[in-house]
Structures are given as C-alpha cells and as structure tokens.
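Since the structure comes first, as structure tokens, the remarks are kept for the end.
The values are calculated or read from the model by the stated rules, or taken from the named source; none is laboratory data. Just so we're clear, the structure is a prediction, and the values are computed from it rather than from any experiment. Note that we place each Cβ from the backbone using ideal geometry, even for glycine, and neighbour counts take in every protein chain shown. Heavy atoms of the whole protein, side chains included, go into the accessibility calculation; ligands, DNA and RNA do not. Shrake-Rupley method; radii C 1.70, N 1.55, O 1.52, S 1.80 Å.
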Amino acid sequence: MTMQQNPGGNRVPHNGSESLLNKILIILLCVTIAAVVILGLLFVSRLSAPVTETPVTSGVTTDSLPITDAPDATDVPAGTGPVTTTSPITDAPATDSPSTEPPATDAPSTEPPPSGDSYTVFIPESPDAGVDYLKNFVFLGDSTTYHMHHYSDLDDTQVWVPAGGTLEFSDMTNKSVALPVDGVHYADWTDVRISEVLSKVKPKVLVVTLGINFSAYYNSEDYGWTSAKKEEYFKLQVKNVYNMVKDNSPNTVLVFQSIYPVIDKALIDKGSPIRQAHVDERNKWLYEACEELGIPVLKTEDVLKDANGQLRSEFNSYHLDGIHLNPDAYRTILNYVRTHALPNLSNH
C-alpha cells in the first residue's frame, strides 16, 4: 500500500483499505441475501406441507365415521349391538318391576284358569267310601283347618296345625305344627317341625290346605314382587311340602286341597286385602304345580262356591268374616272327600 504525505508531514493510508472493507461488506450482504432466500424457500415448503395433510386430522373425517357406520347398527339384533347402555333396560325384570316384566311371564296370569278337564290330578268322583275311609286321613293347614277340631267329627289327632292355630304358606321346610298326642288335649300339644311329625306319625294320607296366609293375604306389592315372582315362590312351597313328605314318610299319600273360597264383601268391610280373585289365581298355581309333580288334588272349591264364584254365605262361620267355615261347610268338605276316594287306598 502506498502512503502519501499531508501538509503536516504525517503519512495517511491509501484508499486501498477502503476498497477491502467494501468487498467484505459486499460478501456479507450476499451471504445475508442467500440466507434470506434459503429461509424463504424453507418457509414456503413448510407452509405447503400442512395444507396437504390437514384433511387427515381435521374434524370433518372423524365426524363422518358414525354416519358411515350407522347402517350396520340397524342390522344388529337387539341386545347384541355395541351400545352397552341398553343392557340394563333389557335386564329390567331382575328388579321385579311389573312394568318391564317380559310379556311371556305375564301371559299365564292374564289367562283364565283352566277348566277342570285341563288337569289330570283332580281326584274324580266315586261311590261314597264311607265314614271309616276318613280315618286314613290327616289334615294339615291354617286356621280354616284348625277349626276342624271344633266343627267336624274328625279325631283331634287328624288335624295338624300349630298351637297358635294358623300356618303361613311360606318357608315350609322350617314350619312346625303341634305334635298330636293321643289322650292329650290339643291345646297342650307342643309345636314340632313338620318333617319330624311326619317321621313319627307317618300318616296314611296327608291332605294339605294352605294358601290364604302369606300367599293370598300379601297380594299387594308388600315385597315389590311381580305376579311371576309370587307364582314362582308359591310353587316352590308346594315342591317343599312334596319333598318333606317323600323324605320323612315315603309311604304317605300326599294330597293337596283347593284353597277355600272367600266372600269379598265381608273382607272389604273388615279391611282385609284378600279377594276371591287372589284365591282363584293361587288355586291355578296350585293345580299347575301338582300337575307337574303328580300330586292328587281334592277340588273342594266346587262344592263351597256360590253362583258368583265366592264362598256360599251359609258356609261362613258365625263371625261372618268372609273366610272361616262353619260345621255345615266341614260336613260338605268331608262328604266330598268320601265321594272322591283315592283308588286302591288300602294298598298304600
């Protein structure tokens, strides 16, 4: 680099240094421009990429999925589709709600009771077997059976009821009756499990007459049970009695008797919830259960009912309570037993 001298005698640099600086600045400017261009290109490429991918992740495609799947849902059989929230609705009968009970379980209760010809277990009419024939029988039941102590010619040992005089048709495997003792007044008998009484006495024929207490009496929704649930429980008790007799006195002939009819008006006057319609329904359940198990039935309701299908007023006890029977009623019942004799009873 050449130097020149100023008037003061000092030396100053030549313009060549300024030329070098300018070059450096130009280079930096070019680099900057190049960087800007490159960054611009990258920015443009980045902007173009999301535009092409957006439809894959947008809400439009996910919202359209149920629409494309909807036709399959209509082809799925009820109860097997993917919507699990419908299951409790189809399972509603487990809650015992009558309104959701399947029609199949309600159907039997809406049908009229079958005629007598529909059952094979009714003991048919026969010649009068006589008074001695009744000595083969023991009658087990509630208060309507208890009154046989007072209003019939049966021996006291032929009438099995609890000392308290009433018996509910529930939990039959644990129920007790007063153990009959010859020569001892029934008021002094002691309650013993029915199974034990059976094993001790082993009666020739046991006639069971139960269903007013607990079954017909608790017809209102006291337990929240549907009609189907009540029917199931009632028939279970019939089977429990059948098994008790078979297990503890296998040679005893078990016979069920119709639940005796009642008088609605008298029951209404006394504030009782029992109605003849309830008794008719229970008798239908009884006949069906006996048909299934092969238990003979004495259909004594036929000779106790009036033209309206209720207990004949002349058979009601002096209490006129619509349930309990008088001596005329028991004579009619025992006459029915004699004229509907079990075939070949002497062979049992």
Practice task
Would you mind finding the one in Ala187, Ala228 that is among the aliphatic types (A, V, I, L, M), part of a helix (DSSP H, G or I) and within 32 Å of the chain's Cα centre (by Cα)?
Solution key: Ala228
Problem - Enumeration of residues in region 126-146 that are open to solvent by 40 Å² or more (accessible area, probe 1.4 Å) and either touching a Pro at 6+ places or on another chain (Cβ under 6 Å) or farther than 17 Å from Lys204 by Cβ (or both) - result: Pro127, Asp128, Tyr146
Fill in the blank from the handout: Taking first residues from region 187-205 that are within 19 Å of Ile295 (Cβ to Cβ) and open to solvent by 50 Å² or more (accessible area, probe 1.4 Å) and second residues anywhere that are at pLDDT below 95 and part of a helix (DSSP H, G or I), the pairs with Cβ under 8 Å that are 6 or more apart or on different chains are Lys204/Leu345
Practice task
For Ser170, indicate whether it is buried (at least 17 other Cβ atoms within 10 Å of the Cβ), at pLDDT below 95 and small (Gly, Ala, Ser).
Solution key: yes
Exercise for the section: For residues that are of a type in the set (A, V, I, L, M, F, W, C) and closer than 19 Å to Tyr217 by Cβ, scanning just region 319-332, find the one that is surrounded by the fewest Cβ atoms within 10 Å (Cβ to Cβ). Expected result: Leu320
Exercise for the section: Could you tell me whether region 333-347 includes any residue that is open to solvent by 10 Å² or more (accessible area, probe 1.4 Å) and small (Gly, Ala, Ser)? Expected result: yes
Problem - Pairs with Cβ under 6 Å, 6+ apart, first in region 240-263 and closer than 23 Å to Ala329 by Cβ and touching a residue at least 12 places away in the same chain (Cβ under 8 Å), second crowded, with 18+ Cβ neighbours inside 10 Å and among the small types (Gly, Ala, Ser) - result: Ile259/Gly211; Val262/Gly322; Ile263/Gly322
Handout entry: Ala277 vs. criteria free of Cβ contacts under 8 Å to residues at least 12 places away in the same chain and more than 27 Å from Ser176 (Cβ to Cβ)
Key = yes
Fill in the blank from the handout: Across region 168-184, the tally of residues that are touching a helix residue (DSSP H, G or I) at 6+ places or on another chain (Cβ under 7 Å), outside any strand (DSSP E or B) and not aliphatic (A, V, I, L, M) stands at 7
Problem - Within region 290-318, considering residues that are in contact with a Ser or Thr (Cβ under 6 Å, 6 or more places away or on another chain) and open to solvent by 30 Å² or more (accessible area, probe 1.4 Å), the one farthest from Tyr330 (Cα to Cα) - result: Lys299
Completion exercise
Among residues of region 210-224 being open to solvent by 50 Å² or more (accessible area, probe 1.4 Å) and aromatic (Phe, Trp, Tyr), the residue modelled with the highest pLDDT is Tyr217
Completion exercise
Of the residues in region 147-167 that are open to solvent by less than 50 Å² (accessible area, probe 1.4 Å) and part of a helix (DSSP H, G or I), the one that is farthest from Trp189 (Cα to Cα) is Met148
Completion exercise
Exactly one of Val184, Val121, Val208 is hydrophobic (A, V, I, L, M, F, W, C) and more than 29 Å from Gly294 (Cβ to Cβ), and that residue is Val184
